[in-house]
Amino acid sequence: MELKIGVIGTGAIGMDHIRRITYKTKGAKVVAVSDINVERAQQIAQEVGAKFVKSGEELIKLPEVDAVVVTSWDPTHEGYVLEAIKNKKYVFCEKPLAVEAEGCKRIMDEEIKLGKKLVQVGYMRRYDRGYEEIKEMLDSRKLGEVLMLHCAHRNPGVDESYTTPMAVENSVVHEIDVLRWLLKENYVAAQVILPKRTTSAHKELQDPQIVILETESGIHIDIEIFVNCHYGYDIKCEVMCETGMVSLTDPAFSSVRTEGKDFTKVSSDWKDRFMKAYDREIQLWVDSVKADELNGPNAWDGYVAAITSTACSKARDTGERVQIQLDECPALYNDSLVLA
Ligand code: NAP
């Protein structure tokens, strides 16, 4: 039986997920779409043979919709996720789960009342082969204890709508999730260093920034976020352990040598770099919904990301080292650092 999916939000990633589900994912189809941008939503609905629905709330209630994908604007996520839980429907929500940790708590409260996890958050890096291989190596403990991580998150350029806080809230939040998953440890403190600004940044934007996180066992992580690097979309992760180092390689499958130089392709954007991870993320989500047991990033992971992002933002604004304190993890999410 095909899983019948309703998608709310037909912008950049919404379109991608709709086409992914329609043309690549096995055992699922998009039956309904909604967006405040009616024309775009109607066009994609027609392309994939889905129904256009005027509002997200209406879409969630449709009896023919088994599960919901939320890819609308950040501040709308919490409301749609709560509505999906109210209607006892599985919901895949792009990050962030809610704009603030309090919103994530409201979502967890509803799942706890129901006694069941219905929510998965779109932290797709957990499905990237490079990160998966690093995790296998760390889990094997062949390299001894992890001591430090050096990471970078570089985009070729951004427009004027990209603000200084977005460096953490929209970009580094992916590192916040995936590194915690790799290390199976929560963060205890954050610092942010603001280095010399690039002349390519628009006048309101502090770019680059360096985020430093410390984990429960004392591992230090530095993350360079530089969104005007010009040359491509480049994600680095180097994990230094006691007896060796494991790191992401650049995901290129060929190189060209000519005129005394060796050229290797650098990804152009996040869609290109993480395409396979998105494909796997959605396929495994569909499979887990059909099996009636989610195993991807959950509402607690969304909450931890929100608390950590807020601490980073405070660290950036104050220049201080900010402590990160989490509530006690509710029993429903106890396996959160083990699964996926
Ligand atoms: P986008 O292109 O701006 O698309 C968002 C869409 O939602 C737009 O079509 C927008 O309409 C629509 N929208 C706004 N309010 C709505 C509402 N109340 N109900 C229904 N639709 C509404 O943004 P995007 O890049 O696709 O990002 C969408 C979400 O995915 C964001 O939360 C973002 O953080 C997340 N995201 C995640 C990843 C990832 O790697 N996991 C990557 C990209 C984006 P208008 O255009 O008319 O405003």
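The values are calculated or read from the model by the stated rules, or taken from the named source; none is laboratory data. Fair warning: this is a prediction, and the values are worked out from it, not measured in the lab. All Cβ positions, even for glycine, are placed from backbone atoms using ideal geometry, and neighbour counts span all protein chains on display. What goes into the accessible areas is simple: the full protein's heavy atoms, side chains included, and nothing from ligands, DNA or RNA. Shrake-Rupley method; radii C 1.70, N 1.55, O 1.52, S 1.80 Å.
Couple of notes before you dig in:
- The chain: angle of helix 173-183 to the longest principal axis, Cα-based, in degrees nearest 10: 70 degrees
- The C-alpha atoms of the chain define a longest principal axis, and helix 299-318 lies at about 40 degrees to it.
- Gyration tensor (Cα) of region 175-280, equivalent ellipsoid semi-axes in angstrom: 27, 21, 14
- Highest average packing first - 249-262, 21-34, 281-294, Cβ atoms within 10 Å: 21-34, 281-294, 249-262
- For region 197-246, applying the loop criterion from DSSP together with a ceiling of 13 other beta carbons within 10 Å to the chymotrypsin sites (Phe, Trp or Tyr not before Pro) yields 231.
- Computed label-point distance, nm, for sites residue 160 and residue 2 using a 7 Å Cα→Cβ extension: 4.4 nm
- Packing around the peptides 44-50, 160-166, taken as the average count of other Cβ atoms within 10 Å per residue, puts them in this order, highest first: 44-50, 160-166.
- Label-point separation in nm, residue 186 to residue 231, each point 7 Å along Cα→Cβ: 3.9 nm
- 0 to 90° range, to nearest 10: angle between helix 129-140 axis and the chain longest Cα axis: 70 degrees
- Taking all protein chains into account, the per residue accessible area for the chain stands at 47 Å² (1.4 Å probe).
- Cross-link check: pairs 113/314; 4/265; 29/265; 88/271; 95/116 evaluated at a Cα-Cα cut-off of 26 Å; pairs beyond the cut-off: 113/314; 4/265; 29/265; 88/271.
- Carbon plus sulfur fraction of accessible area for the chain, probe 1.4 Å, in percent: 51 percent
- Nearest-0.05 FRET efficiency for residue 200 and residue 254, computed from C-beta distance (R0 30 Å): 0.50
- Burial ranking of peptide ranges 87-98, 53-64 (average Cβ count within 10 Å, highest at the top): 87-98, 53-64
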